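Reviewing the structure listed below.
The values are calculated or read from the model by the stated rules, or taken from the named source; none is laboratory data. Please read all numbers here as calculations on a predicted model, not as lab measurements. All Cβ positions, even for glycine, are placed from backbone atoms using ideal geometry, and neighbour counts span all protein chains on display.
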Amino acid sequence: MNVCIVGTGYVGLVSAACFAEMGNNIICVDVNPKVVETLEAGKVHIFEPGLEELVKRNTQEGRLHFTTDLKDGLEQSQVVFITVGTPCGADGRCDLKYVDAVAREVGQSMKSPKIVVDKSTVPVGTADHVREIIAGELAKRGEDISFDVVSNPEFLKEGDAVNDFMKPDRVIVGTEDEESAKVLRALYSPFARSREKLIVMGVRSAEMTKYAANCMLATKISFINEVANICERVGANVTEVRAGIGSDSRIGYSFIYPGVGYGGSCFPKDVKALIGTANDHGYNARLIRSVDEVNDDQKHILADKVKAYFEPQGGVQGRTLALWGIAFKANTDDIREASATEVIKDLTALGMKVKAYDPVANERAREEIGHIEGLEILESQYDVLQGADALAVVTDWNQFRNPDLDRIKALLNAPIVFDGRNLYLPERMGQAGFAYFSIGRPP
Ligand code: NAD
Ligand code: UGA
C-alpha cells in the first residue's frame, strides 16, 4: 500500500518505519528541513531503541522516503496519516494549529480520493473539523473529490515505541465508512492478526478512547502518589502496599509505581485537554482535575524534601545538588514536562547549584533548559557528584539502579540521597551509611 505520513516525530517516524517493514511504500513529510535532511542521511533525530536500524533498512530497500513537500506525498498515496504535534495551548486546551495546517494543505493539493487518518491525539470532534477544512479548501478550488477522515489514535509509549507498534494491545479505527475500515484493516493486518485486536467504532468514540486511556493511566499514577504521600505520614511503606493491592487482578501491578509525578509530551497535556473539552461541554471533570492537581504538586515533592533536609542547617543556598536523570522517564531523550525540570527550577531559584547528568537527554536538556542559572549539565554520572552536598535521582534509567555506593560516598560532601523513583532498598542504603529519602517509604 502507498501511504503518506505527515509529521515525522516519535509517532510519525515509528509508524512509518513499522508500516514500511511490513512491505508498504511510505513517504514521510515534515516541515522541518533539518529533520528530513537527517533522516535522508540515514540518521534518526530522536532516541528510540530499535528505530534507527528499522529506518536504515527500509530506506535502503526503497520502501521509506522523506520529503518536505506534502504534494509529493499526497500524489502517490491513497492513505494520508496526520501525526503532527498537538501541544497544550495557553488556556490548557489542545492547540490544533499544526493539524489545521496539514488539513488545509491536503485540501489545497489533493487531486484524487483520499483516506485522511488522524493519528495525532486530538479532542473529540476534530475529525469533523478536519473534514470541514478539507471540504472548504476543495470548494475554493471548485473541486469535488471524495475523501474520508478516520480517527486512528496511537497508544505507543516512548522508549518501547517500536515494540508497542509492532505488537499493539489493540488498534482503534474510528470511521462510519466501510471502505475506509477495510483499507485500515488491510494496512494493520500484520500487526493486529487476531480480529478482536482491531476495533472499529464511531469517530467520536475513537477520539474519546485515546483521552480516556491516557487519563486512566494518569489517574493510576496520581492515585498511587497520593497513597505514597499518606504512607509517609502514617508510617506505612508504599512498596508493600503496591504489592498488596497489585496482587488483586482487578487492580494489577502496572502504572502504580509512585514517583515524582508523570511527565512527557502526552499525559500532562491530554489530562488538561480532556478537562477543557469537558468544560466546553458544560461538565466539570472533578476527578480528572484532581489527577492533574496531584501531579502538579508531586513534581515538587523531591525539591521539598531537599529543602526540608537542609532547612535546619541554614537552607540550600550556596549548596550543590547532584542530579541523575533529566528525561521524563528512562529510555528516551524527551524532556518535555519532565519532573527534573521542576526540581532544578525549584532549587536553583533558592540559590542551590544543580549539576545534572542524563545518559541520553543531555544534549536536548542543554538546548531546552540549559539557560537556567545555577544549572550545569555534565557528561558523566559520577562527575556530577564531585563536591556535591547530596544526590537526587529523578529518572529511572537502568544504569542508576545498581551504582557504586562507595564511589558515591567518596565523591559527595556527605552521604545523602533523595530518590524520586524508589530505585534503592532503604535498608541497604542505611547499612551503607547513607541518609536516604524516597517516596512513600520510611527513611
Ligand atoms: P513530535 O513533536 O515528536 O513530532 C511532530 C512532527 O510534526 C515534528 O517533526 C514537526 O516538525 C512536524 N510538523 C509540524 N507541523 C507540520 C506540518 N504542517 N507538516 C508536516 N510536518 C509537521 O510529536 P509526537 O510526539 O510524535 O506526537 C505527535 C502526536 O501523537 C501528538 O498528538 C501526540 O499527543 C500523539 N502521541 C504521541 C505519543 C508519544 O509517545 N510521543 C504517543 C501517542 C500519541
Ligand atoms: C504514555 C502512554 O503510556 C502511551 O500509551 C501513550 O500512547 C502515550 O503516553 C501518549 O499518548 O503519548 P509515555 O508518555 O511515552 O506514554 O510514557 P509512560 O511510560 O506512560 O510514562 C509517562 C510518565 O508516567 C513518565 O513520567 C513515567 O515516569 C510516569 N510513570 C509511569 C509513573 O510515575 N509511574 C508509573 O507507574 C508509570
Checklist entry - Among the residues of segment 183-194, is there at least one that is more than 20 Å from A20 (Cα to Cα) and not assigned by TED's automatic domain parsing to the domain that holds A278? => result yes
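Residue check: is D304 part of a helix (DSSP H, G or I) and either modelled with pLDDT of 95 or more or not polar (S, T, N, Q) (or both)?
Numbers: part of a helix (DSSP H, G or I): yes; either modelled with pLDDT of 95 or more or not polar (S, T, N, Q) (or both): yes.
Considered against the rule, which asks whether it is part of a helix (DSSP H, G or I) and either modelled with pLDDT of 95 or more or not polar (S, T, N, Q) (or both), D304 comes out as yes.
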Item to check | Entirely in segment 363-443, the strands (runs of 3 or more DSSP E) that have 1 or more residues that are hydroxyl-bearing (S, T, Y) | outcome: 435-437
Next on the checklist: I335 - would you say it is within 13 Å of ligand 2 (Cβ to nearest atom), among the hydrophobic types (A, V, I, L, M, F, W, C) and surrounded by fewer than 19 Cβ atoms within 10 Å (Cβ to Cβ)?
Outcome noted: no
Checklist entry - For segment 19-57, which residues satisfy the criterion of being under 17 Å from S120 (Cβ atoms) and either within 16 Å of ligand 2 (Cβ to nearest atom) or of a type in the set (D, E, K, R) (or both)? => result D30, I46
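From the list K97, K114, pick out the single residue that is in the same structural domain as G50 (by TED's automatic domain parsing), more than 27 Å from the chain's Cα centre (by Cα) and either within 11 Å of ligand 1 (Cβ to nearest atom) or within 21 Å of L184 (Cα to Cα) (or both).
Working: K97 fails: more than 27 Å from the chain's Cα centre (by Cα).
Within the list K97, K114, the selection yields K114.
Do you know which residues across segment 370-410 are buried (at least 18 other Cβ atoms within 10 Å of the Cβ) and more than 22 Å from S339 (Cα to Cα)? First the steps, then the outcome.
Of segment 370-410, the ones buried (at least 18 other Cβ atoms within 10 Å of the Cβ) are 375, 377, 381, 384-385, 388-397, 400, 403, 408.
Residue satisfying the conditions is I408 alone.
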Checklist entry - All but one of (1) away from ligand 2 (no atom under 16 Å from the Cβ); (2) under 28 Å from K329 (Cα atoms); (3) in contact with a helix residue (DSSP H, G or I) (Cβ under 9 Å, 6 or more places away or on another chain) hold for T86; which doesn't? => result (1)
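Could you list all residues from segment 79-94 that are more than 9 Å from ligand 1 (Cβ to nearest atom), under 20 Å from the mean Cα position of the chain (by Cα) and closer than 23 Å to F147 by Cα?
Step one: of segment 79-94, the residues more than 9 Å from ligand 1 (Cβ to nearest atom) are 79-81, 88-93.
The next check asks that each one be under 20 Å from the mean Cα position of the chain (by Cα); those that pass are 81, 88-90, 92-93.
Within segment 79-94, just F81 meets the criteria.
Quick check on K345: is it more than 11 Å from ligand 2 (Cβ to nearest atom), without any contact (Cβ under 8 Å) to a residue 60 or more places away in the chain and farther than 17 Å from A212 by Cα? Outline the logic, then answer.
Values: more than 11 Å from ligand 2 (Cβ to nearest atom): yes; without any contact (Cβ under 8 Å) to a residue 60 or more places away in the chain: yes; farther than 17 Å from A212 by Cα: yes.
So K345 passes the test.
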Checklist entry - If you take the residues of segment 63-78 that are within 20 Å of H45 (Cβ to Cβ) and among the aliphatic types (A, V, I, L, M), which of them is farthest from ligand 1 (Cβ to nearest atom)? => result L64
Item to check | Residue ID - nearest to the chain's Cα centre (by Cα), chosen from residues in segment 245-257 that are more than 7 Å from ligand 2 (Cβ to nearest atom), surrounded by 13 or more Cβ atoms within 10 Å (Cβ to Cβ) and part of a loop (DSSP other than H, G, I, E, B) | outcome: Y253
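Being of a type in the set (K, R) and within 16 Å of ligand 1 (Cβ to nearest atom) is the filter here, so list the residues in segment 133-176 that pass it. Talk me through it step by step, then tell me what you get.
At the first step, the residues of segment 133-176 found to be of a type in the set (K, R) are 140-141, 157, 167, 170.
Correct list: K157, K167, R170.
Taking A273 as the residue in question, decide whether it is away from ligand 2 (no atom under 15 Å from the Cβ) and either surrounded by 23 or more Cβ atoms within 10 Å (Cβ to Cβ) or of a type in the set (A, V, I, L, M, F, W, C) (or both).
Values: away from ligand 2 (no atom under 15 Å from the Cβ): no; either surrounded by 23 or more Cβ atoms within 10 Å (Cβ to Cβ) or of a type in the set (A, V, I, L, M, F, W, C) (or both): yes.
Judged against the criteria, A273 is not a match.
Working carefully through the options A127, A139, find the one that is in contact (Cβ under 8 Å) with a residue 60 or more places away in the chain and over 27 Å from I335 (Cβ atoms).
Selected residue: A127, the only one of A127, A139 that is in contact (Cβ under 8 Å) with a residue 60 or more places away in the chain and over 27 Å from I335 (Cβ atoms).
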Checklist entry - N225 passes all but one of (1) in contact (Cβ under 8 Å) with a residue 24 or more places away in the chain; (2) within 16 Å of ligand 1 (Cβ to nearest atom); which number fails? => result (2)
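Restricting to segment 320-354, name every residue that is more than 16 Å from ligand 1 (Cβ to nearest atom), part of a loop (DSSP other than H, G, I, E, B) and within 14 Å of H300 (Cα to Cα).
Quick first cut of segment 320-354, residues more than 16 Å from ligand 1 (Cβ to nearest atom) only: 320-326, 339-354.
Pick out the ones that are also part of a loop (DSSP other than H, G, I, E, B) and you get 325-326, 349-352.
Selection gives A349, L350.
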Item to check | Of the criteria (1) touching a residue at least 40 places away in the same chain (Cβ under 8 Å); (2) hydrophobic (A, V, I, L, M, F, W, C); (3) under 30 Å from L302 (Cα atoms); (4) within 16 Å of ligand 1 (Cβ to nearest atom), which one V238 fails | outcome: (4)
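Scan segment 128-169 for residues that are among the polar types (S, T, N, Q) and touching a Phe, Trp or Tyr at 6+ places or on another chain (Cβ under 9 Å) and jot them down. So that I can check it myself, show each step before the final result.
Residues of segment 128-169 that are among the polar types (S, T, N, Q), as a first pass: 146, 151-152, 163.
Within segment 128-169, N152 is the sole residue that qualifies.
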Checklist entry - Just to be sure, is R242 within 12 Å of ligand 2 (Cβ to nearest atom), at pLDDT 95 or above and of a type in the set (K, R)? => result yes
Checklist entry - Among (1) charged (D, E, K, R); (2) in contact (Cβ under 8 Å) with a residue 60 or more places away in the chain; (3) in the same structural domain as V79 (by TED's automatic domain parsing), where does E232 come up short? => result (3)
